[in-house]
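For reference, the structure is listed below as structure tokens.
The values are calculated or read from the model by the stated rules, or taken from the named source; none is laboratory data. In this text, all values refer to a predicted model and were calculated from it rather than measured experimentally. So basically every Cβ, Gly included, is an ideal-geometry build from the backbone, and we count neighbours across all protein chains shown.
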Amino acid sequence: MSDTPTRIALITGASRGIGEASARLMAANGRHVVLAARSLDALEAIANDIEKAGGKASVYKCDITDHTGLAQLVEKVADDHGRLDILVNNAGITRDNLLLRMTDEEFDEVIACNLRSCFVTCRAALRQMMRGKFGRIINVSSVSGVIGNPGQANYAAAKSGLIGFTKTIAKEMASKKITANVVAPGFVETAMTNDLPDRVKKFATQVTPVGRFGKPEELAAAINFLTSDDAGYITGQVLCVDGGMSM
Ligand code: NAP
């Protein structure tokens, strides 16, 4: 599944987890991947691996809560590479608490990091994609945004907001060869779920029909396909990669 010309793909949160796996797979499938996150050393190590394997990668340090800097980053990536074809908004955080105990700061931080940042990157990227007459946007949501999850009112609000946001982009951009889709992971083996208490991990496994956590590579496979040239007739969709949890 190799695209022509070489597609430039910006992936946020590419320093580990689902973002790293997606970057590696997309590079192996012929994209020039642009890795963004705060941990520059981790990004450089991944980019080196990709290049050693014959792929193309660049790295940019960024904090997605700095929204002015984030918009500038998208412009810079397009300037440096001459185009921007693919945007994967993957970076995200959790600040879990029961709603009655949730602070304003916990709510606002998650909305800023997981939702507003995507508005900023999509708006900036769409200008570039319209110029290139091609675009693929993936916003990484969560099963929490589809069915809700106790302790995650902030996170579910942001991830659910991403769904309406993405469907709107899909409708606004459908005639311009730009697609926008959501990938909604269930529980995946990454740093984000590493520290969950054992009882939560056990419960998550029980409510997942396939009976296990997903692997980052399984999310990457979905993201890789939806960002390919071949996926041009799929837009405005929410692909739950969740072992059946949301059905
Ligand atoms: P992860 O392993 O914790 O990785 C999160 C990534 O986001 C890291 O690369 C991190 O990089 C980056 N990031 C966090 N805050 C950032 C900031 N302020 N600026 C720039 N980058 C930032 O998480 P993951 O599990 O791979 O999650 C990826 C996406 O999937 C997230 O949107 C998450 O909500 C979603 N998701 C995950 C699961 C799951 O079970 N793991 C389930 C549903 C949805 P730096 O720390 O280097 O900046």
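Some notes on this structure:
- Identity of the residue in segment 1-55, modelled with pLDDT under 95 and touching a helix residue (DSSP H, G or I) at 6+ places or on another chain (Cβ under 8 Å), that ends up farthest from the ligand (Cβ to nearest atom): Thr4
- Subset of segment 182-209 that is away from the ligand (no atom under 14 Å from the Cβ) and in a loop (DSSP other than H, G, I, E, B) - its residue that is modelled with the highest pLDDT: Pro209
Conditions (1) out of contact with any helix residue (DSSP H, G or I) (no Cβ under 9 Å at 6 or more places or on another chain); (2) away from the ligand (no atom under 13 Å from the Cβ); (3) of a type in the set (Gly, Ala, Ser); (4) modelled with pLDDT of 95 or more, marked per residue:
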residue	(1), (2), (3), (4)
Asn139	no, no, no, yes
Ser142	no, no, yes, yes
Gln152	no, no, no, yes
Ser160	no, no, yes, yes
Ala180	no, yes, yes, yes
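- Complete set of residues in segment 78-113 that are surrounded by 15 or more Cβ atoms within 10 Å (Cβ to Cβ), within 14 Å of the ligand (Cβ to nearest atom) and either farther than 22 Å from Arg24 by Cβ or among the β-branched types (Val, Ile, Thr) (or both): Val88, Ile93, Thr94, Arg95, Asp96, Glu109, Val110, Ile111, Ala112, Cys113
- Odd one out for Tyr233, checked against (1) over 24 Å from Ala125 (Cβ atoms); (2) without any contact (Cβ under 8 Å) to a residue 24 or more places away in the chain; (3) assigned to a loop (DSSP other than H, G, I, E, B): (1)
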